[in-house]
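Taking it in order: structure first as structure tokens, then the write-up.
The values are calculated or read from the model by the stated rules, or taken from the named source; none is laboratory data. Nothing here was measured: the structure is a model prediction, and the numbers come from that model. Cβ sites come from the backbone with ideal geometry, for glycine too, and all protein chains shown count toward neighbours.
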Amino acid sequence: MVPMARSPASELEALAVAGLHRQLRQWERCGTGLQARLGDRMVVNFSSNDYLGLASHPSITAAFSEAVNRWGAGSGASRLVCGTMAPHTALEEDLAQFKGTESALSFSSGYTAAVGTLSALLQPGDIVILDKLCHASLIDGARLSGAEIRVFPHNDLDQLEKRLAWASGKVSAAGRILVVTESVFSMDGDRAPLADIIRAKHKYGALLLVDEAHAFGILGPGGRGLAAELGLADHVDLQLGTLSKAAGLSGGFVAASRDLCDLLVNRSRAFIYSTAPAPALAEAARTSLSLLAGAEGDQLRSRLWHHLDSLCNALGRTPESAIFPVILGSNERALAAAAGLLEKGFLVPAIRYPTVPRGSARLRVTLSAAHEASDVSALAAALASRAD
């Protein structure tokens, strides 16, 4: 008898038993802040990556609307066919200027930027060394590349150096060694020790890719990221970023040398075989970049950090980013805590495996300049009084 294949229903049941079943839920933004309607309940959204509240900024929405009228709703083709339009080129020029690099290349999402960059840059015979807590998109890109993968414990510089020493003795003269890290880690909110990582990569002749997704717009002069804040941007070979968090839109990009970006145009399957993002989105992103780099961006960052200081002071923590994790361990505890906060009017979903390692389920609180100070204080009180 031919054995029966597992059914989707049985797989869903297993996820539910393990506390790992997810469901989509529709919510509605109310006004320009982070008040939201979730079903018949009004809540304050503390789970959004809209760190500066730019997703509903009038200048950006106006730029989007005007660009739709001028350029149309869609691009109609991939970038190498006939999808490259003036807003795409202008955005990439602006991104390169913003990041202080020779060139930049935009992608349809942060995920495709990561997968498309790593899978194009690396090939069999190369070695890629990743921080253990790197985002899934970076891991997927490394796996697709065919390069040999090594992982070092989170922010463990001794272990990174050991892997670099091993790699430098193994890779061929024509091969590449690439170190991959995030500047601000998406689930823990902590920062990479970039200065020490850069010293190590120089010592062993490696390249360095830094994913600035959660630092872009938040850290550094004009929001240019952690590498810029530390004055180390010139030592980072590839700066990955996203337009879907602090910039308030969607899309991803890589900023690097002209040759590296040209190589991606020719080799990145995620770039070559994707329809170009809507030109209106690119035009709106240019407006967002201008806001980030200007006085209003400074004001929004100041407001965000004031909120972070308020929350962290109330809970005895030191702020490193807009991400505030509350690690609870089991899926059941994280789900119960999220449900309890929802009852009090706060949307803070539970984050579970595979997004975080097993046994480290958590609440992931994210703050925004769009939050009201009173809402931040109320959340701090709710977290402080939470009974596990």
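Numerical summary
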| quantity | calculated |
| --- | --- |
| Helices (runs of 4 or more DSSP H) completely within region 1-108 that count 1 or more residues being surrounded by 12 or more Cβ atoms within 10 Å (Cβ to Cβ) and in the same structural domain as Ala278 (by TED's automatic domain parsing) | 58-71, 86-99 |
| Every residue from region 293-314 that is touching a Leu at 6+ places or on another chain (Cβ under 6 Å) and either more than 19 Å from Arg364 (Cβ to Cβ) or of a type in the set (D, E, K, R) (or both) | Gly297, Leu300 |
| Those residues of region 140-168 which are among the aliphatic types (A, V, I, L, M) and either in contact with a Leu (Cβ under 8 Å, 6 or more places away or on another chain) or modelled with pLDDT under 95 (or both), in sequence order | Ala142, Leu144, Ala147, Ile149, Val151 |
| Region 196-236, subset free of Cβ contacts under 8 Å to residues at least 60 places away in the same chain and among the charged types (D, E, K, R), residue farthest from Leu304 (Cα to Cα) | Lys203 |
| Ser377 vs. criteria out of contact with any strand residue (DSSP E or B) (no Cβ under 9 Å at 6 or more places or on another chain) and free of Cβ contacts under 8 Å to residues at least 24 places away in the same chain | no |
| Matching option when the condition is touching a His at 6+ places or on another chain (Cβ under 7 Å) and in the same structural domain as Asp196 (by TED's automatic domain parsing), among Leu144, Leu160, Leu133 | Leu133 |
| Candidates Val348, Val356, filtered to the one that is out of contact with any Phe, Trp or Tyr (no Cβ under 9 Å at 6 or more places or on another chain), closer than 27 Å to Ile139 by Cα, among the aliphatic types (A, V, I, L, M) and outside the structural domain of Lys245 (by TED's automatic domain parsing) | Val356 |
| Pairs, first more than 19 Å from Thr117 (Cβ to Cβ) and in contact (Cβ under 8 Å) with a residue 24 or more places away in the chain in region 265-294, second surrounded by 18 or more Cβ atoms within 10 Å (Cβ to Cβ) and β-branched (Val, Ile, Thr), C-beta under 9 Å, six or more apart | Ala284/Ile60; Thr287/Ile60; Ser288/Ile60; Leu291/Ile60 |
